[in-house]
Each structure stands twice: as C-alpha cells, then as structure tokens.
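Read the structure below first, then the notes.
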Amino acid sequence: MDQWFTIKFLEKDTIAILVKKSDVEINPEEVTYDRLAAWINSKGIKQGIQSEVIREIAGNIEIIHSPLEIAKGILPVHGEPAKLIPAAEAHSLINNPENDKVDFKRLFTIPTVSFGQLIARKRKASDGTPGITVFGETIPAKRGKDLKVKNGENTVFNEENLGVYAAASGEVSYRSNCVNVYPVYKVDGDLSLKTGHIDFVGNVHVTGDVPSGFKINAQGDVRIEGLVEAAEIVAGGNIVVGGGVLGQGKGLIRCGGNFTSLYINQGNIMAGENIEAVQSILHSYCEAGKSIICVNGKGNIAGGTCIAQNMITANEIGNETYSKTLIYMKLQEPQLNQVFIDDEKINELQTNLEKLQQLKDALIRQAGNSNRIDQATVGKIDNTINQTSAKLSELYTEKNNFAAIKDQSNSSHVIIKGTLHPNVEISIGKYKRRVQSPFQSAKVYMEEKEIIINSL
C-alpha cells in the first residue's frame with residue numbers, strides 16, 4: 001500500500017487523512033478492505049477508525065477522490081479561564097458570546113448600583129477534558145488561565161469571597177479584569193448643534209442617532225440606541241450601538257472593552273477586547289484585541305479588513321460577487337532571547353535567595369549563643385529577601401505569559417459556519433493563503449507553518 005498511498009496527520013494527530021499518490025497506477029484488485037485496513041493498522045492508527053470510509057475507498061478506488069478522513073481522535077477541551085461575572089448573572093455559567101443572541105433591550109438597561117452593593121463575582125478557572133490521538137495516546141488538557149482582578153474606579157475586589165463591591169453609587173461598566181462605577185450623562189434624542197460634542201468622565205447614553213462630524217469621548221461606556229454615521233466615538237469601556245454603524249468609510253470608533261452593534265457598514269472600529277455585529281460586517285476595517293463575532297441573522301463578513309488575535313467567527317465570509325475580503329489573525333510574537341535571559345536571572349536570584357536565608361539563619365544561631373542579635377543587619381537581610389522574592393515572582397509571571405503567548409500562536413483560528421467564498425485572503429501571523437474555491441462549514445488554523453482549511 002505504501003507505493004499507492006500516504007497518510008497525513010492533522011490537528012495534533014487527531015485526524016488521519018488518506019492521500020492517493022498522483023504519479024502511480026493502482027491495481028483495484030489488490031486494494032481490498034482487509035488489506036487497506038491492515039495497512040492502516042500497521043501505521044499505529046487504532047482510535048476512531050472510519051470503517052465505512054475505508055470500505056468505500058476499497059470498493060471504488062478508481063473513482064474515489066482523495067484526501068479522505070480515515071480516522072478521527074478527540075481534541076482536548078481546555079479548561080475555561082477565570083472570569084468576572086456580573087452579580088445578576090453569577091448563577092449562570094453560560095459565557096460563550098458566539099452562541100448568545102444579543103439582546104439590545106438588555107444592553108440598554110444599564111445597571112445602577114449603590115454603595116457597598118455586590119456587583120460582580122470572580123469565577124475560578126476550570127480543568128479541561130483530555131483528548132486522544134488516532135494512535136490512542138492521551139492529549140492532556142490545560143487548566144484555564146487565571147485572572148488577576150484589579151480594583152476599578154469606585155470598586156473594591158475581595159480576595160476571600162471573590163466578590164467585587166461598589167465603593168460609590170452610579171452606573172456599572174464591566175471590563176474583562178475589573179469593574180468600574182461611573183456617573184452617567186444622558187442625551188434624549190440625537191446629537192445636534194444644541195448638544196454639541198460630548199466629553200464626559202463617566203458613561204454616556206444617547207437615545208437617538210449620532211450624525212456625521214460629531215464626537216463623543218467617555219471614560220466609561222457609551223450606549224447609543226440609534227444610528228452612528230461618520231462620527232468619532234472614543235470610550236475607555238464598552239460601546240453599544242443599537243441602530244448600527246453607517247460610517248461611509250470615514251469616522252472612527254474606538255473602545256478599550258467590547259464593541260457591539262446591530263451591523264457595521266463602511267465603519268472603522270477598534271476594540272481592546274471583542275467586536276460583535278449581530279447581522280453583518282460589510283466593507284469595514286475592524287480590529288479587535290481578542291475576537292470578532294458575527295453569527296446571528298445572515299452573519300456575514302464581506303469586503304474590507306478584519307483583524308483579531310484569538311478568533312474570528314461568522315456564518316459567511318466573502319460573498320457571491322467575490323468581493324476581496326482580508327482576514328488577519330494577529331499573533332503576539334514571543335521574545336525567545338528574553339526568555340533565555342529570564343531563565344538565567346531566575347536561577348541567579350534563586351541562588352542569591354538561598355544564600356541570604358543561610359546568612360540570616362547563621363546570624364540568628366550566632367546571636368542565640370551570645371544572647372545578642374544585630375537587628376539592623378537582620379532587617380536589611382529581610383528587606384533584600386523580600387525584594388528578591390518579589391523579583392522572582394515577577395520573572396515567573398513573565399515566563400508564564402510567554403508560555404501563554406506560545407500557546408495562543410498555535411490556537412488562533414477562523415470559524416465559518418456556512419460558506420467561505422473565493423477571493424478571501426486569510427493571514428495568520430506572517431503566513432498567507434488566498435481562498436480559490438468555496439468551502440462549507442470550515443475551520444482555518446495554522447499547523448506546521450501552513451494555513452489549513454478543514455471541514456467541521
């Protein structure tokens with residue numbers, strides 16, 4: 001069989017693909033089910049063997065087209081990361097935004113809190129579920145990443161019960177690692193010459209539209225119930241647009257948190273965390289620090305450029321007219337040289353810490369024999385031990401962050417639940433692939449310096 005076939009392994013050896021060699025003639029009488037199955041087994045493949053597919057290949061070898069999936073294992077399901085959950089939703093563990101239909105009525109119901117009120121709770125990271133390769137080997141799952149919760153504006157995080165409490169009364173602005181409580185500035189109706197531009201230290205709520213040329217600058221969240229045209233909106237927190245964005249290729253919307261809109265048409269959007277459009281993203285520039293999501297309604301991304309670091313998911317990418325659409329997964333390049341330096345520094349600091357502790361113990365033993373102790377010297381040693389320990393902790397954190405970046409570079413992906421059209425250009429880091437033919441229900445990811453498009 002080796003002279004006729006090869007086997008390619010994908011997704012951490014959880015998928016085995018049979019590929020016919022193109023430069024050889026195959027004798028159909030020699031490719032029986034038993035022989036083909038025995039050859040596959042001789043390659044060590046024993047998990048998730050697709051017997052019906054192998055039987056179909058053996059029975060129709062002259063007309064069958066490769067590549068074909070002949071075995072499938074199970075990818076590990078990594079643990080959920082730690083997360084801040086609003087107190088009103090703390091009983092629920094549903095946290096996947098790509099499966100949640102956006103409820104704009106809820107988004108415009110801004111929670112108002114009082115001093116001392118519990119407003120969020122940290123959910124701890126969870127363990128994952130191991131996977132298994134087609135060779136029957138276990139793929140360990142990774143525990144979810146922990147979250148360091150910061151005290152936000154007018155809020156306090158309690159480490160003991162993992163609760164976030166309001167230190168003042170106002171409206172809540174949720175971020176991924178902290179919660180803020182701000183005052184609110186509300187505009188009834190559209191922005192106009194009467195209202196002028198808005199620059200406010202808290203949240204801004206506009207019940208109407210934001211026409212072209214107007215500016216909103218808010219330290220907290222911005223919620224707009226109407227349409228946004230070619231305006232400039234900057235928010236430190238989240239931005240929600242109920243009527244959609246019609247940017248005409250001008251204007252700019254930028255936020256430090258999440259951006260959510262009914263649709264985005266010829267808009268320029270930059271979000272520190274996620275961008276979510278309920279219906280469509282058309283001929284726009286969208287850049288998200290985490291993910292871009294467009295899976296409700298038609299859920300299509302067509303034309304323009306979409307950039308994200310974790311994931312881009314849509315029902316449809318591109319369109320029937322083959323509009324050029326650029327999809328770019330931005331990877332954070334790890335600094336390998338710095339990691340080697342950090343390892344050397346960690347070893348040096350650990351050695352110094354041991355020597356300091358030995359010196360302190362020797363001074364205390366010596367003082368015990370003479371009934372006198374040099375408190376000033378011991379105090380200086382304690383101070384140096386504390387500083388060294390703090391630096392060690394900082395270096396370990398940097399090293400763990402590097403490992404997370406390395407994992408992230410292997411996990412960035414694009415999910416298309418419907419059709420991936422031709423003339424879509426997908427880049428992951430420095431690698432690029434142009435889609436030449438349509439794909440249905442596909443996942444795009446990087447494997448061994450190659451961009452893979454695999455059916456779901």
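Structural remarks
- Counting only protein heavy atoms and a 1.4 Å probe, the chain has 53 square angstrom of accessible area per residue.
- The order of SER261, SER169, SER389, SER323 by accessible area, most exposed first and with a 1.4 Å probe, is SER169, SER389, SER323, SER261.
- Computed from label points 7 Å out along Cα-Cβ, the spacing between ARG434 and ILE385 is 6.6 nm.
- Remark: for residue pairs LYS12/LYS46; LYS83/LYS186; LYS145/LYS345; LYS8/LYS430, the C-alpha separation exceeds 22 Å in LYS83/LYS186; LYS145/LYS345; LYS8/LYS430.
- Prolate/oblate/rounded label for the range 216-289 (Cα gyration tensor, a/c 1.5): rounded
- Expressed to the nearest 5 percent, the antiparallel share of DSSP beta bridges inside the chain is 40 percent.
- Among beta bridges from DSSP that stay inside the range 137-256, the antiparallel ones total about 25%.
- Dipole size of the chain about its Cα centre, with +1 on Lys/Arg Cβ and -1 on Asp/Glu Cβ: approximately 760 debye, rounded to the nearest 20.
- Whole-Hz couplings from phi, Karplus 6.51/-1.76/1.60, listed for the range 264-270; x for Gly and Pro: 10, 10, 6, x, 10, 10, 10
- By definition, a body whose alpha carbon gyration tensor gives a ≥ b ≥ c is oblate when a/c is 1.5 or more and a/b is not larger than b/c, and the chain fits this oblate description.
- At R0 = 25 Å, FRET efficiency that the Cβ-Cβ distance of LEU252 and LYS145 yields, to 0.05: 0.20
- Scanning the chain for GluC sites (Glu not before Pro) that sit in a DSSP loop and have at most 15 other Cβ atoms within 10 Å, the longest stretch containing none of them is 161-319.
- For the chain, with +1 on Lys and Arg beta carbons and -1 on Asp and Glu, the positive-most of PHE214, MET311, ASN352 along the dipole: ASN352
- Of the solvent-accessible surface of the chain, computed with a 1.4 Å probe and all protein chains present, 50% belongs to carbon and sulfur.
- Above-threshold pairs, the threshold being 25 Å between Cα atoms, out of LYS148/LYS449; LYS122/LYS290; LYS72/LYS417: LYS148/LYS449
- Using just its DSSP H runs of length 4 or more, each adding -39500 (n - 2.57), the chain gives a mean residue ellipticity at 222 nm of -7000 deg cm²/dmol after division by all residues.
- Added length on full extension, which subtracts the Cα-Cα distance from 0.36 nm per residue, ASN423 to THR195: 77.6 nm
- Mean Cα-pair separation over length for the chain, i.e. relative contact order, pairs under 8 Å, 6 or more apart, %: 8
The values are calculated or read from the model by the stated rules, or taken from the named source; none is laboratory data. In this text, all values refer to a predicted model and were calculated from it rather than measured experimentally. Note that each Cβ is placed from the backbone with ideal geometry, even for glycine, and that neighbours are counted across all protein chains shown. Side chains included, ligands, DNA and RNA excluded: accessible areas come from the protein's heavy atoms. Shrake-Rupley method; radii C 1.70, N 1.55, O 1.52, S 1.80 Å.
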